[in-house]
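One structure is given here, and the rest of the page talks about it.
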Amino acid sequence: QAIPVPPPEQVDLFVKSYGNIAITERQKFGIPASVMVASAILMSDAGSSNVAKKANNFFSLPCTEDWKGFTMMEEGNCLRSYDNPWTSFRDFSLFLTTGQNFRYRQLKSNDYESWARVLGSSDFHGIPHFEKALTRIIQKYNFQILDED
């Protein structure tokens, strides 16, 4: 079953709004901007999901024991809530490069395929065939250009 992708106009608007944040996060944390943008598009329906609109959570990051910030309940799940979109991107960067995920930092910042494979094998997103969907979006919209210096 294919994961629905938002219409191109919605994707373009999303990238115009948040692409620079993803590029800054790539420079600071080494996560491909293409992966950040495509993950946010998949996990927030390009910013139109309830969680993205109400909680600025573009990655559906769940509450954890150490989470001290605001929260939002969505379909019985506790999700993190942020003051602004930038904070959501930063928290996703920290989520992917610290703690149990520290090993991800060894991946190259321009190797979206390796990042997609690793993220696809993790279970935080709850999306079946995440690796394929992520790769498909990156290639369809040529997001790999966001990973160039």
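The values are calculated or read from the model by the stated rules, or taken from the named source; none is laboratory data. Fair warning: this is a prediction, and the values are worked out from it, not measured in the lab. Methodologically, a virtual Cβ is constructed for each residue, glycine included, from the backbone with ideal geometry; neighbour enumeration extends over all protein chains shown. The area values use the complete protein model at the heavy-atom level, side chains included, leaving out ligands, DNA and RNA. Shrake-Rupley method; radii C 1.70, N 1.55, O 1.52, S 1.80 Å.
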Counting only protein heavy atoms with a 1.4 Å probe and every protein chain in place, the carbon and sulfur fraction of the accessible surface of the chain in whole percent equals 50
For Ala38, the net charge from surrounding residues (Cβ-Cβ under 13 Å; K, R +1; D, E -1) works out to 0
Counting only protein heavy atoms and rolling a 1.4 Å probe, one gets per residue an accessible area for the chain in Å² of 53
Here the gain from full extension of Lys53 to Gln106, 0.36 nm per residue of separation minus their alpha-carbon distance, amounts to 15.8 nm
For Lys140, the aspartates and glutamates lying under 20 Å Cα to Cα, once residues fewer than eight places off in the same chain are dropped, come out as Glu9, Asp12, Asp45, Asp111, Glu113, Glu131, Glu148
Here the relative contact order (percent) of the chain, from C-alpha pairs under 8 Å and at least 6 apart, is 27
For Asp66, the accessible surface traced by a 1.4 Å probe with all protein chains present amounts, in square angstrom to the nearest 10, to 110
Within segment 1-89, DSSP-loop trypsin sites (Lys or Arg not before Pro) with at most 10 other C-beta atoms within 10 Å are Lys68
The pairs in Lys28/Lys68; Lys53/Lys132; Lys16/Lys108 lying past 28 Å Cα-Cα in this model are none
Charge dipole of segment 12-122 built from unit charges on the beta carbon (Lys, Arg +1; Asp, Glu -1), centred at mean Cα; most positive-end Cα among Phe70, Val35, Ser109 is Ser109
GluC sites (Glu not before Pro) in segment 1-85 lying in a DSSP loop, each with at most 16 other Cβ atoms within 10 Å of its Cβ, come to Glu65, Glu75
Restricting to Cα pairs under 8 Å and 6 or more apart, the percent relative contact order of segment 87-149 works out to 24
Given unit charges at Cβ for Lys, Arg (+) and Asp, Glu (-), the dipole magnitude of segment 16-82 about its Cα centre in debye, nearest 20, is 300
